[in-house]
Structure formats: structure tokens, C-alpha cells
Amino acid sequence: MLMGESGSGKSVWLYKLMDLYVRSSRPCIYVAMDELPSQLRRSLANFIGEMEQKEKDGLLTFVDCYSCMGGLASQEKYHIDSPSDLNGLAVLISKLAADPGAQAPVRVFIDSATAMFAHCESDAILKFLYSTSVRLKNQGGSLFFTLNGGAVTTEIQKRLEQMADGVVEVQAKETLGTTKRQYRFSKVRGKMYFDTWLPFIVGDRAIWLGPPEDAETRERFYKVFELITSG
């Protein structure tokens, strides 16, 4: 789970993770809930090289969950027709993840899970995220999702954190007209974690993550980062 306020850089983290996976021939499914896939493609093209070819090769698949929220007909091959149809979305993800043509276990990215809470009951969303995560892990894959800080109750947020194998928090602060962004790994289940706030910079085509300064802490940081990116 990637958690932070709107504009803090959560989606960019997903873009970079997807780039790491598709470059190593690990297929990704992007569940678009905050904007149209046609708009997302333009943003993603800055972070993922030869994106059109990767779609053709089956390394990158979009699922449109945004159009139906505005009552629009989707132009995408894969989509749902109602924002409250979590069962339909679960079936579609399972179908895509089980595609015999997939070259490796699938990574699914939901951006943002926050949108679900405007259309579905909290318990139904938690059940959907948990069951989808379990199915993907049983196939060797994984689920990533973003959540806007403060968008859900403290109780729901804690339940989401308990359910997630890992939690990355990001934040952005305005200082003298400059946006300073930070991140930390606040949870990595069953493994060591690194919860110190560190800087990161969002560029036009990449993000830069500032590692710890001292050698011992930096080594621990890289181990945690490896756990997250190898998921």
C-alpha cells in the first residue's frame, strides 16, 4: 500500500515500479480509477519506454474503472460498467492474471483505492483487496494500491495497514515556494523495515530516491527496497 495526501507522488511511485517490472518482462495490470487510461498512457509514457509495444506484447494491460464513474461508455477492451461492481472487477483481474499467454506472474496496480470508498461499503472493499491479494500471491504475483491519507476512518486505515504486506508513506510539503517530498517504509511484513523519512524528487521521466547517509543504515535500506521491488 502506498499512502499519502493528494499530490504527494503516490502515482509516480506506481509508474516507476511498473517500469521496473515490465523491463524485466514481468506483466503488469493497471486498474485506472482516478483518470481515463487514454490520459494515463500519456503520463506513463514518460516513465515506461516503448509503452505501446509493451501493451502489444502483453506486458502492460489497462482496466478502465473510471469511465463508469462519470456515466461514460468505456473505450477500453477491459473495463467494468459500474463503480460498485467489485465482484466483476475481481473476476476480470483473475481472468487477466490467469491468462495462459502471460510470461510471468502478474503485478496488479490499483490507483486509487480511495475512489472505491465513494461507491462501496468499506467491508466489501477490504474483502476485495484481501482476496485479490491472496489470489495473486498464490500465483506468484502481487497487488499494489494507493490510498489518499485522511480519506478513510482511522479504523479502516489500520485494517488496511494490517492487511498489507508492506506500507510506503509519502508526503509533500511546501517550503519557500518549493515542494519537498519525502517517503518512508513504515511496514514490511515479516522482514526488517526502514521507517526514517527520506527525500525523493519527481522528475519529468524518473524519480530519485534519497538513501540514508551512513553505510550501515543504507545497507538496511537497500535490503528493504529490494524486498519491495522484487514482490
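Test L72 against the criterion of being on the phi < 0 side of the Ramachandran plot and over 19 Å from the mean Cα position of the chain (by Cα), and give yes or no. Considered against the rule, which asks whether it is on the phi < 0 side of the Ramachandran plot and over 19 Å from the mean Cα position of the chain (by Cα), L72 comes out as yes. If you go through the stretch 169-220 and keep only what is under 18 Å from the mean Cα position of the chain (by Cα) and assigned to a loop (DSSP other than H, G, I, E, B), you end up with R189, R205, A206. Within the stretch 2-21, residues that are farther than 13 Å from G203 by Cα reach partners that are β-branched (V, I, T) and assigned to a loop (DSSP other than H, G, I, E, B) with beta carbons closer than 8 Å, at six or more positions or on different chains, in the pairs M18/I48; D19/I48.
Residues in the stretch 22-36 that are touching a residue at least 24 places away in the same chain (Cβ under 8 Å) and either in contact with a Ser or Thr (Cβ under 8 Å, 6 or more places away or on another chain) or not charged (D, E, K, R) (or both): V22, S25, P27, C28, I29, Y30, V31, A32, M33, D34, L36.
Determine, yes or no, whether D99 is exposed (fewer than 15 other Cβ atoms within 10 Å of the Cβ), out of contact with any Pro (no Cβ under 6 Å at 6 or more places or on another chain), of a type in the set (D, E) and more than 23 Å from A124 (Cα to Cα). So D99 passes the test. The residues on offer are A172, A215, and the sole one that is farther than 28 Å from M51 by Cα, among the aliphatic types (A, V, I, L, M) and in contact (Cβ under 8 Å) with a residue 24 or more places away in the chain is A172.
In the set (1) β-branched (V, I, T); (2) surrounded by 12 or more Cβ atoms within 10 Å (Cβ to Cβ); (3) at pLDDT 90 or above; (4) more than 19 Å from the chain's Cα centre (by Cα), the condition left unmet by T154 is number (2). Just one residue in the set Y78, Y21 is modelled with pLDDT of 95 or more and in contact with a strand residue (DSSP E or B) (Cβ under 7 Å, 6 or more places away or on another chain); that residue is Y78. Sort out which residues of the stretch 119-151 are in a loop (DSSP other than H, G, I, E, B) and acidic (D, E), and write them in order of number. E121, the sole residue that qualifies. Among the residues of the stretch 166-183, those identified as surrounded by 16 or more Cβ atoms within 10 Å (Cβ to Cβ) and modelled with pLDDT of 90 or more are V167, V168, E169, V170, Q171, A172, R181, Q182, Y183. Is it fair to say R135 is surrounded by 14 or more Cβ atoms within 10 Å (Cβ to Cβ) and over 17 Å from L14 (Cβ atoms)? For R135, the condition - surrounded by 14 or more Cβ atoms within 10 Å (Cβ to Cβ) and over 17 Å from L14 (Cβ atoms) - is met.
The values are calculated or read from the model by the stated rules, or taken from the named source; none is laboratory data. Worth saying up front: this structure is predicted, and the values here are computed from it rather than measured. For neighbour counting, all protein chains shown are included, and Cβ atoms are generated from backbone atoms with ideal geometry for every residue, glycine included.
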